[in-house]
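Here the structure comes first, spelled out in structure tokens, and everything after it is commentary.
The values are calculated or read from the model by the stated rules, or taken from the named source; none is laboratory data. Please read these numbers as outputs of a predicted model, since none were measured by experiment. So basically every Cβ, Gly included, is an ideal-geometry build from the backbone, and we count neighbours across all protein chains shown. Note: accessible area is taken over every heavy atom of the protein model, side chains too, but ligands, DNA and RNA are not part of it. Shrake-Rupley method; radii C 1.70, N 1.55, O 1.52, S 1.80 Å.
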Amino acid sequence: MKVLFLGKDPIIANIVELSIRTRWPHANIQIVKEWVERAKEVVPGIVIFHLDSFDLSLKSISELRRLSSVPIIVLSLQKTQNIMMVGALTLGADRVIQLPCGVTEMATRIWALWRRVGIRTSYETEGPLLIGQLLINPVTYEVFLGDQRVKLTSTEFRVLYLLAKNRSSVVTHQTME
């Protein structure tokens, strides 16, 4: 599991790292302050923004969503206005976690999102699928039809990838769970 944490507050960074390590002890966690270039380099399985201590706007979430369909969690202090949380979700965040939050609760919320969008580690060792003009890249969660990038949600990507990978067989509902 590759996690990119974007934030300046070392206490929050430690809580996030501890939360992840309780469930995924061997996770690759990168804690960075400069997000744009790092997000392009790392190809994370999940991105966690600490909105309150990081000098980023809601536009940053939108920009990251434009680059990737990676799951995004926004950490926000309870004093943050609801409009900020609604904005984060509207622009592409998958979940907002209110702080303060316990380590176990945070790990469970991360796991729940991870479970919902699909655990990428099974995809990370597999190469892109090319079917006609359709290119599906499981490492970056990108889909191209010819030269055009196709924007998909994480769930849509998982379904497409599963169906494409198993195109010569029947995919049951149980297989998709």
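Quick notes
- Criterion applied to Ala93, Ala112 was being farther than 18 Å from Leu152 by Cα and either at pLDDT below 75 or not in a strand (DSSP E or B) (or both), and the one residue passing it is Ala112.
- Between Leu6, Leu51, Leu64, the distinction of being crowded, with 17+ Cβ neighbours inside 10 Å and at pLDDT below 75 belongs to Leu51 only.
- Flag if Gly132 is over 25 Å from Leu18 (Cα atoms), modelled with pLDDT of 85 or more and in contact with a Ser or Thr (Cβ under 7 Å, 6 or more places away or on another chain): no
- Looking only at the stretch 157-177, and only at residues there that are assigned to a loop (DSSP other than H, G, I, E, B) and of a type in the set (Gly, Ala, Ser), the one that is least open to solvent (accessible area, probe 1.4 Å): Ser169
- Restricted to the stretch 144-156, and to residues there that are over 14 Å from Arg65 (Cα atoms) and open to solvent by less than 80 Å² (accessible area, probe 1.4 Å), the residue that is nearest to the chain's Cα centre (by Cα) is Thr155.
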